[in-house]
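See below for the structure under consideration.
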Amino acid sequence: MSDFGNPAVHLAQQTTQQGARPPVKTLTIAIAFLATMFPAAVALGQQTPTLAPPRPGFSFPLKQTLTYSVDWRVFPAGTAVMHFEADGDRENLTASADTVGAINLLFHVADHFQSSFDRAKGCTYDFNKQTVEGRRQVSSTLHLDYAQNRSILNEKNLVTKQTKHVESTAPACLTDLLSGVYYASSQPIALGHNFVIPVVDNMHVVPVTMKVEGREEIKTPLGTFHTLRVQPTADAGVVKNRGNIWVWYTDDERHLPVQMRARLFWGTITFRLTGNDTK
């Protein structure tokens, strides 16, 4: 096969010519995109917004699996799968993100996330990450003990074997990077209505304002949906020169996120819902 017909070579040449590296965290952004846009955060224990409980009548799924295709620019980049399952008064959410095709040849990503949160209040109890991004391999666990007002982070670099243990005071009721996108579904999403979600990661809290911008019809492999377009931003506004992010939630009681898009300096990433299994 000639280089012209090899998508991996074509991608590498295009990346070099445009001065941008391949998407190091292409699929991580599908799950934890809030951290990409909002690097300014406050330490745990400082004054933070209160996480609003789910709206009356809303219930997180007893069991549901959402599958997304991920495109970088015009190239298929990978898949992201989210699985919800109720366990008593808690909701367990697991997610995996893997690169595919030519992108996988350029930069392999295989990330796995786990979150456990209160079904009635939304408060995260545990948030675990196992990330493989090129040569970087890190495992971390974050536990929030609201009864003791403590948060405990344990992290290990699986390549260098270095470890980190940090404890801090935890403010009441936070959501995490994995659950945040889906927790927004539990809130009253209405045109012209903005709301704030405090998101925790690595012992810091990011107050994220969800701005409901407008209505839009979105086509996905599952069909056409009437949606509300929401832009997450930091309270001070979108960080200059970093990009923009939008989430399209269905304009109904479910507020199902059927599309996500991150427009960053190295290109645009789009996530489209391709599967919705409730069995």
Listed by first then second residue, the pairs whose first member lies in the stretch 139-152 and is assigned to a loop (DSSP other than H, G, I, E, B), whose partner is acidic (Asp, Glu), with beta carbons under 8 Å and at least 6 positions apart or on separate chains, are none
Selection over the stretch 160-174 where residues are more than 15 Å from HIS143 (Cβ to Cβ) and buried (at least 23 other Cβ atoms within 10 Å of the Cβ) yields a count of 0
Within the stretch 175-196, the residues that are more than 13 Å from the chain's Cα centre (by Cα) and outside any loop (DSSP other than H, G, I, E, B) are SER185, SER186, ASN194, PHE195, VAL196
Inside the stretch 46-72, the number of residues satisfying the requirement of being at pLDDT below 75 and either surrounded by 15 or more Cβ atoms within 10 Å (Cβ to Cβ) or part of a strand (DSSP E or B) (or both) is 1
Those residues of the stretch 251-272 which are at positive phi and touching a Lys or Arg at 6+ places or on another chain (Cβ under 8 Å) amount to GLY267
Pairs returned, first residue in the stretch 219-245 that is surrounded by fewer than 19 Cβ atoms within 10 Å (Cβ to Cβ) and basic (Lys, Arg), second residue that is part of a loop (DSSP other than H, G, I, E, B) and at pLDDT 65 or above, beta-carbon separation under 8 angstrom, 6 or more apart or interchain, are ARG242/PHE265
If we ask which residues in the stretch 84-136 are part of a loop (DSSP other than H, G, I, E, B) and either farther than 26 Å from LEU158 by Cα or at pLDDT 80 or above (or both), their number turns out to be 7
Condition set in contact with a Ser or Thr (Cβ under 8 Å, 6 or more places away or on another chain) and surrounded by fewer than 19 Cβ atoms within 10 Å (Cβ to Cβ), scope the stretch 185-202, selection farthest from ALA262 (Cα to Cα): answer is ASN202
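The values are calculated or read from the model by the stated rules, or taken from the named source; none is laboratory data. Only a predicted model underlies this, so the values are computations on that prediction, with no experimental measurement involved. As a convention, Cβ positions derive from the backbone with ideal geometry for all residues, glycine included, and neighbour counts pool all protein chains shown.
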